[in-house]
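Visitor: Dropping a structure here in structure tokens format, bear with me for questions.
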Amino acid sequence: MISLVKKPPQDAAPSPTADEDPPKLRAPSRLERALAHHLDLVWRVLRRAGLTQADAEDAAQDVFWVFSRRLADVPDAAERAFLISTALRVAADRRRAKWYSVGLALDFELEAADAPLPDEALDRRRAQALLDGALEHLSAAERAVFVLTELEEMTRPEVARTLEISEGTVASRLLRARTRFHAALKRLCARPRRRT
Amino acid sequence: MTDDNTPSGPRQALDEIELFERLRAEARGERAPAPLAARILEQIQADTRRERLLDVPPPSHNGRVALVLGLSLSVAAGVMFLVSRPRSTPNIAPEPAAGGEHKPPLARPVIDPCSEPSIAAGRTPAIDDFEDGDDAVLPNEQRQGFWRWARETDAPGTAPALLPIPRPNPTADNRLALHVKGPRLSDWGATVEFTFRPPCYDASKYVGVAFAARGPGRIYVAPREVSVIPTSEGGTCERDCHNPHVLKIDLDARFRTYEVRFEELRQRGFGKLPLDPRRLNSLAFLVRSEDTPYDVWIDDVRFITR
């Protein structure tokens, strides 16, 4: 399942000569492949679900830990969906454990409101604060649909399969989410900003 | 898409689209921190090694089992010796990951609350009819617990007790019921629930749960196994918790009785096992945030006999 092959120390062995066999390359395990292919996606889902960077690091570890224990249950074709749905549950779980949704929403709003409007030199951190500030105005269910459809550009059938809901539910949640998101974005942009 | 205080029309709509496209591009461009993949892999491999060391292999594996067993027991004895040393002895802990908080070793023993469960005899199915007016479930078949109304907006540990109130259209035999009503919620929602005391109840003599309820709206019935409850709350779940077996119930505007068989309950995700009614931690009626605002009545909760 998980390769335990040790990497040689970086400064230990000299490079192979012509007489020696070249070092054998170990095929990456399924877990390593999943990390290589899906970690960024899992990371974005966790962050857009409202976790701080530090929380998202721990949560990402939890997601892949769960995956490593469920390898036999998860077909290759369903790997991405499994990781996304696990990420959403882990994020919800962490939010629930911390019960911090109200305080965090206020913090985000302040941070986003204090940020300057994005201009030609769009500042990444402030843009993300603005995005997350607007996302905070969505319910968890709307947010999941919005993030996967609008930000990750997954198709509606794919989102429906991932979230285990019908395509009609995806459509209706997306409609509500878009309305709320754009209204929140407009409010955040319209608020007077602090000059520094 | 218009606003009274700002210029309206196509230009503003264009600005909004442009802004959203930029935000989307930023979001799509976000990457996990560079060392995270290696750290995750290293941690999972360490956990796996630790679990393998602590697990005793089944005796029928192969001829090398005796050697492996001996080695495992030796290592386990060594680990136990280290664990049981006095507190003054410094612990050898893995170096905390940079940028993240230190996580304790993951193979710590989890106390199984089901080592001494309360067991239902299968002859007194009533869980609570609320006619006594208190928040305690009926003390039938060793059942103990108190109804609580937990909401995402409550501070931790402050979920209020839920007392029954006069129900609409009462009768002489049925005067009281539970009622919860609340505004729109945005995260995990709200629950009406009680936890069995002690926190593992064997209801395998029964085949499901029945209750009367009134909407409008929708609830999810969730007899929760100990395996979905975090260890910090008395369960056995360490990761991906709070994913109970549920069944969605569309409520009516008048009281109706619903019967939910354990076999009908489903957990979200791949390859999930059916509910094990021998290991119940609690019984909850969930209101998810997408079904809020909510206004739900619950009455006459009982198990279903075979």
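Visitor: Out of all the residues in the stretch B:120-128, is one or more among the acidic types (Asp, Glu) and assigned to a loop (DSSP other than H, G, I, E, B)?
Guide: Here is the first cut: in the stretch B:120-128, the ones among the acidic types (Asp, Glu) are B:128.
Those left that are additionally assigned to a loop (DSSP other than H, G, I, E, B): none.
There is no residue in the stretch B:120-128 that is among the acidic types (Asp, Glu) and assigned to a loop (DSSP other than H, G, I, E, B).
Visitor: Kindly establish whether B:Asp129 is of a type in the set (Asp, Glu) and either closer than 17 Å to B:Val192 by Cβ or under 18 Å from the mean Cα position of the chain (by Cα) (or both).
Guide: In short, yes.
Visitor: Turning to a different aspect of this structure: Please determine, by comparing only the residues of the stretch A:163-180 that are outside any helix (DSSP H, G or I) and without any contact (Cβ under 8 Å) to a residue 24 or more places away in the chain, which one is surrounded by the fewest Cβ atoms within 10 Å (Cβ to Cβ).
Guide: Only one residue tops the list, namely A:Ser166.
Visitor: Could you list, in sequence order, all residues of the stretch A:162-187 that are more than 11 Å from chain B (Cβ to nearest Cβ) and farther than 22 Å from A:Ala87 by Cα?
Guide: So the first thing to find is which residues in the stretch A:162-187 are more than 11 Å from chain B (Cβ to nearest Cβ), and the list is A:166-168, A:170-171, A:174-175, A:184.
Selection gives A:Gly168, A:Leu175, A:Ala184.
Visitor: Also: Restricting the search to the stretch B:245-291, which residues are in a helix (DSSP H, G or I) and over 14 Å from the mean Cα position of the chain (by Cα)?
Guide: If the condition is that a residue be in a helix (DSSP H, G or I) and over 14 Å from the mean Cα position of the chain (by Cα), then B:Phe262, B:Glu263, B:Glu264, B:Pro277, B:Arg278, B:Ser289, B:Glu290, B:Asp291 are the ones that fit.
Visitor: Suppose we filter B:Val296, B:Val301 for residues that are touching a strand residue (DSSP E or B) at 6+ places or on another chain (Cβ under 7 Å), over 23 Å from B:Asn140 (Cβ atoms) and part of a strand (DSSP E or B); which single one remains?
Guide: That would be B:Val296, the only listed residue that is touching a strand residue (DSSP E or B) at 6+ places or on another chain (Cβ under 7 Å), over 23 Å from B:Asn140 (Cβ atoms) and part of a strand (DSSP E or B).
Visitor: Next up: Restricting to the stretch B:92-131, name every residue that is charged (D, E, K, R) and either modelled with pLDDT under 50 or exposed (fewer than 12 other Cβ atoms within 10 Å of the Cβ) (or both).
Guide: B:Glu95, B:Glu101, B:Lys103, B:Arg108, B:Glu116, B:Arg123
Visitor: Could you tell me which of the residues B:Arg278, B:Arg268, B:Arg184, B:Arg288 is under 25 Å from B:Pro139 (Cα atoms) and basic (Lys, Arg)?
Guide: Numbers: B:Arg268 fails: under 25 Å from B:Pro139 (Cα atoms); B:Arg184 fails: under 25 Å from B:Pro139 (Cα atoms); B:Arg288 fails: under 25 Å from B:Pro139 (Cα atoms).
None of the others qualify; the one that does is B:Arg278.
The values are calculated or read from the model by the stated rules, or taken from the named source; none is laboratory data. As the structure is a computational prediction, the values presented were derived from the model and not from experiment. As a convention, Cβ positions derive from the backbone with ideal geometry for all residues, glycine included, and neighbour counts pool all protein chains shown.
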